[in-house]
Amino acid sequence: MICRQCGTEIADKALICYRCGAATTEAKYKPAAVRRRSSAALLTLAVLIVVLLGTALLLAHLPAATQQSRAATWIVVAVAVAIVAARAVLRRR
């Protein structure tokens, strides 16, 4: 058999050419298509920004002395929501 790429004489049962490395037959399986990641990253960033802005607005309208524990609770909830949203987006990939 003659290599289609370089013209070297190779064995009839060879899978690749020993000289140039070219395949002697077509591939059985095609590689998977590559997905774009930019939309998922932008969605994660947008969710995180919305959660942080909501938390900041909430903290700005609360009285300082009486609502400190409530503000801390909302901060924890906002961070938890951001983490859950980021993990959900990353799992879709």
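Here are the numbers for this structure:
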quantity: Long-range amide H partners of I16 with built H, under 5 Å; calculated: T24
quantity: Added length on full extension, which subtracts the Cα-Cα distance from 0.36 nm per residue, A88 to V50; calculated: 12.1 nm
quantity: Estimated inter-spin distance, T8 and V81, nm [label 7 Å along Cα→Cβ]; calculated: 6.3
quantity: Proximal charge balance of L15 [Cβ under 15 Å; K/R count +1, D/E count -1]; calculated: +2
quantity: ³J(HN,Hα), Karplus 6.51/-1.76/1.60, whole Hz, each residue of segment 74-89, x for Gly, Pro; calculated: 5, 5, 4, 5, 5, 5, 5, 5, 5, 5, 5, 5, 5, 5, 5, 5
quantity: Gained length - A32 relative to R19, 0.36 nm times residue gap less alpha-carbon distance; calculated: 1.8 nm
quantity: Segment 17-28 - phi-based ³J(HN,Hα) in whole Hz, Karplus 6.51/-1.76/1.60, Gly and Pro as x; calculated: 6, 6, 8, 10, x, 6, 6, 8, 10, 6, 5, 6
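Throughout, read-outs are computed from the coordinates displayed, never taken from laboratory work. These figures come from a predicted structure and were not determined experimentally. In this analysis, Cβ positions are derived from the backbone assuming ideal geometry, glycine residues included, and neighbour counts consider all displayed protein chains.
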